[in-house]
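Beneath this line is the structure, given in structure tokens, with notes to follow.
What follows is calculated from the coordinates using simple rules that are stated; it is not laboratory data. Remember, it's a predicted structure, so these values are computed and weren't measured experimentally. Because the Cβ atoms are built from the backbone with ideal geometry, glycine has one as well, and the counts that use them run over all protein chains shown.
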Amino acid sequence: MNYLYLIIPVALFFLIGIRIVRPTQRGLIERLGKYYHFANPGFHWIIPIIDKLYMVNVTEQMVDAQPQEIITNDNLNASVDAQVYFRVKSDEESVKGSIYNVNNFKYQIVNLARTTLRNIIGTLTLKSANSERGKINAELYKTLHIETQGWGIEIVRTELKEIDPPKDVQETMNKVVKAENEKIAAIDSATAAETVADGVKRAKIKEAEGFKQSKILHAEGEAEAIKLVNEAADKYFVGNAQLLRKLEALETSLEKNAKIVIPTGTELVNIIGEMAGILPLDKK
């Protein structure tokens, strides 16, 4: 029984000193107020009351800089908010820096981000601040990265959430944007109407040119036909007409039993022969 009274306090003492460090954490063990040991993930035992373990999260974290009113270079109040993503480096020196080199690094990051935003946006107009968010993010990241070097912290990125102007200014800006959009829409509509009208005009011109060309081709065809008819008449009709006239005269004479002397070898003899089915005799 005497051993039982001794074992129970020892077991309780041992259990009280057990500490488990997770993979997402690193630990710093202090003994009597002085740094003693670095605690990696796993099982650790500390001396109760004498030792103390400080846990540090080494995963990526985010702090909100909280909205603040900033006077821009054109004397307008803008509500500005940003987020900062960071993580404590997992090596021993960095973890020690996050505990011993800065008091509450999250609070310090928020204050530093707010001050930096005031310095940056205070030199810009409201319009340029809205159009140069990438530049503001880059400058904010650069400043935080430099200022937190000794804190054992890595600034992962910064995000500018909003730059909201005063309500009356916002309404005016909305009206300007609406008017600009209506202007662009009107220009686009006019351009489209002009394009359609130009297309109709071109179609009418093409149609007129086609009609003109068809008339020209038709006239040229008729002229060519007339020319061919004239050439045919000049070539064939003139001689035949004369011969036909001679035959009519011969027919009239024969009806009256008149005797006509026709020279040998004339066309008229040949024609009469052909009509009668008689061929002229060749001279020997």
Extension gain Ala193-Arg22, at 0.36 nm per residue separation less the Cα-Cα distance, in nm? 54.6 nm
Extension gain Gln61-Tyr85, at 0.36 nm per residue separation less the Cα-Cα distance, in nm? 8.1 nm
By count of other Cβ within 10 Å, fewest leading, how are Ile205, Ile46 ordered? Ile205, Ile46
Excluding Gly152 itself, what net charge comes from residues whose Cβ is under 11 Å from its Cβ, given Lys and Arg +1 and Asp and Glu -1? 0
Quick check: Cα centre of segment 58-104 to Cα centre of segment 185-219, how many Å? 66 Å
As a footprinting exposure proxy, order Val88, Val102 by other Cβ within 10 Å, with the fewest listed first. Val102, Val88
Can you bin segment 2-57 into rounded, prolate or oblate? Criterion: square roots of the alpha carbon gyration tensor eigenvalues sorted a ≥ b ≥ c, rounded for a/c under 1.5, prolate for a/b above b/c, oblate for the rest. oblate
Go ahead and collect, in residue order, the members of segment 74-96 whose backbone nitrogen is under 16 Å from a label point 7 Å along the Cα-Cβ direction of Thr123. 74
Expected output is a single nm value to one decimal: the length gained when fully extending between Asn73 and Tyr3, i.e. 0.36 nm times separation in residues minus the C-alpha distance. What is it? 17.3 nm
